[in-house]
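The values are calculated or read from the model by the stated rules, or taken from the named source; none is laboratory data. The shown structure was predicted, so the numbers you read here are calculated from the model rather than taken from an experiment. Virtual Cβ from ideal backbone geometry, glycine too; neighbours counted across all protein chains shown. These accessible areas exclude ligands, DNA and RNA; they are computed on the full protein's heavy atoms, side chains included. Shrake-Rupley method; radii C 1.70, N 1.55, O 1.52, S 1.80 Å.
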Amino acid sequence: MPTPDFPDLPAGFRFGTATAAYQIEGAAAEGGRTPSIWDTYCRTPGKVARGETGDVACDHYHRYPEDIALLKELGVQDYRFSTAWPRIRPGGSGPANPEGLDFYDRVVDALLAAGIDPVVTLYHWDLPQELEDAGGWRSRATAERFAEYARITADRLGDRVTRWITLNEPTCTAFVGYAVGRHAPGAREGTPALAAAHHLLLAHGLAARELRASAAARGGTAEVGITLNLDRLLPATGSAADRAAVDRAETLHNRVWLDPLLRGTYPANEAETWGELADGSYRRDGDLDVIGQPLDFLGINFYRPVVLRDAPHDEPDPRRRTAVDIRTEEVRIEGVRHTTMDWPVVPAALTDLLVDLDERYDLPPVYITENGSAEDDRVGPDGVVHDTDRIAYLRDHIAATAAAAEKGVDVRGHFVWSLLDNFEWAYGYDRRFGIVRVDYDTLERTPKDSYRWFRELIRRHAERHGGAAS
Ligand code: FCB
């Protein structure tokens, strides 16, 4: 049966779009903001395509009213954005920056005035550089500084923001940032990357306590979640070696987070996965209690499934090899379309992932906090991007979310990545994920066809089900 043009989601289901501070804000040296590890990384030759930076990005810092007007016109119930730690607490410790807090205050007010609920991510990769210089996520102190920053932010915004996401994709921070070196801070270290993973979990737990305490002090409640990029991992063949490879990858990508968060344990097969690198020296008694406190919701970012085989090394070239080498190699999925990220488009993998994880972990309420595609957008003679591939991608993945809901997974919302074309990390600006085009010369915003499709989906949903319950 072909996917309907406008998939049906359960009543009360929420639609949103997502962005992140460094990818859209710009104004990197304005309003008291100090550099983050991404400002530094972008200035390190050879790290980011064409040496691009987030200095200006989409200039959302100045243009947020226009962007929020676009969201209002779109009709989303939710908007997920991140606050920049170095804007709110420059340098990562010390006094809060009133100008930084004022900025997010204005954003939150403008969203609420537009009838949109803000969903705030506290860490989308922009660690204050000073904290990196003091050890970064390798160091336990960073988790403590993060909890303080969470408290400062919640004390200011928590009277209007109720849903909080502590961290975005800690896999990328810990492993891509500290072991593979393809994200800031660009380190290639073994045990320190595993320590970073642990400290990120601890940061989540400590911050969750602060967010709840801040709300309680006001007589309210906070809903606290974390966003993980959980992978749908499949073995290339049925061989025992390939299955064991997937098992190691499950630990590196999924279990390392889900087991402590949802079961209060560390993954059972750590030794098989990374051998003596996981020496546990960075763990303390009681940490699991902090980490494993109940989640109000789980955010899942999903883009593509991954097929793996057993291999002597993750990366054949020793100069590019990750410091946490789990001896798996990705196998290209043939026979499906690939986006300009070269990611395979397999929407059913999202349903399978959700159903499988729910069986294994009995998941709390889930939001798909990111999902979208980078496409080879062309501006037509009419000045508009007719992005039919992106529409198909979004339609089929939202239908995959609906299928998971039908199979009993408590999935409550789907956020499209992204509202705007933006700074796509090491790829710079040439990977466009937006449903609104950004002309980087003029910073003009132009909704693409996918924006209109999404608006129509939201409209039809409201018509069928009487709008989302708030
Ligand atoms: C995710 C990131 C997000 C964006 C998308 C394409 O890994 O969370 O910032 O770059 O990928």
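Data overview
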read-out: Sole exception among (1) closer than 30 Å to Ala403 by Cα; (2) open to solvent by less than 30 Å² (accessible area, probe 1.4 Å) for Thr328, by number; value: (1)
read-out: Qualifying residue in segment 301-318 (condition: under 18 Å from Asp259 (Cβ atoms) and among the β-branched types (Val, Ile, Thr)); value: no
read-out: Any hit, segment 380-401, residues being among the hydrophobic types (A, V, I, L, M, F, W, C), at pLDDT 95 or above and within 30 Å of Asp242 (Cα to Cα); value: yes
read-out: Considering residues of segment 285-320 that are of a type in the set (D, E, K, R) and in contact (Cβ under 8 Å) with a residue 12 or more places away in the chain only, the residue nearest to Tyr367 (Cα to Cα); value: Asp296
read-out: Search result, residues across segment 1-36 that are more than 16 Å from the ligand (Cβ to nearest atom) and among the hydrophobic types (A, V, I, L, M, F, W, C); value: Met1, Phe6, Leu9, Ala11, Phe13, Phe15, Ala27, Ala28, Ala29
read-out: Of all residues making up segment 1-21, the number that are open to solvent by 10 Å² or more (accessible area, probe 1.4 Å) and touching a helix residue (DSSP H, G or I) at 6+ places or on another chain (Cβ under 8 Å); value: 8
read-out: So Trp343, is it among the aromatic types (Phe, Trp, Tyr), within 16 Å of the ligand (Cβ to nearest atom) and open to solvent by 40 Å² or more (accessible area, probe 1.4 Å); value: yes
read-out: Residues (away from the ligand (no atom under 16 Å from the Cβ) and open to solvent by 40 Å² or more (accessible area, probe 1.4 Å)) located in segment 289-305; value: Asp289, Pro294, Asp296
read-out: Qualifying residue in segment 174-189 (condition: in contact with a His (Cβ under 8 Å, 6 or more places away or on another chain) and either closer than 19 Å to Val324 by Cβ or buried (at least 23 other Cβ atoms within 10 Å of the Cβ) (or both)); value: yes
read-out: Breaking point among (1) of a type outside the set (Lys, Arg); (2) away from the ligand (no atom under 16 Å from the Cβ); (3) not in a strand (DSSP E or B), for Trp257; value: (2)
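Residues checked against (1) hydroxyl-bearing (Ser, Thr, Tyr); (2) more than 15 Å from Leu457 (Cα to Cα); (3) within 16 Å of the ligand (Cβ to nearest atom):
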| site | (1), (2), (3) |
| --- | --- |
| Val385 | no, yes, no |
| Ile391 | no, no, no |
| His414 | no, no, yes |
| Trp417 | no, yes, yes |
| Asn422 | no, yes, yes |
| Ala426 | no, yes, yes |
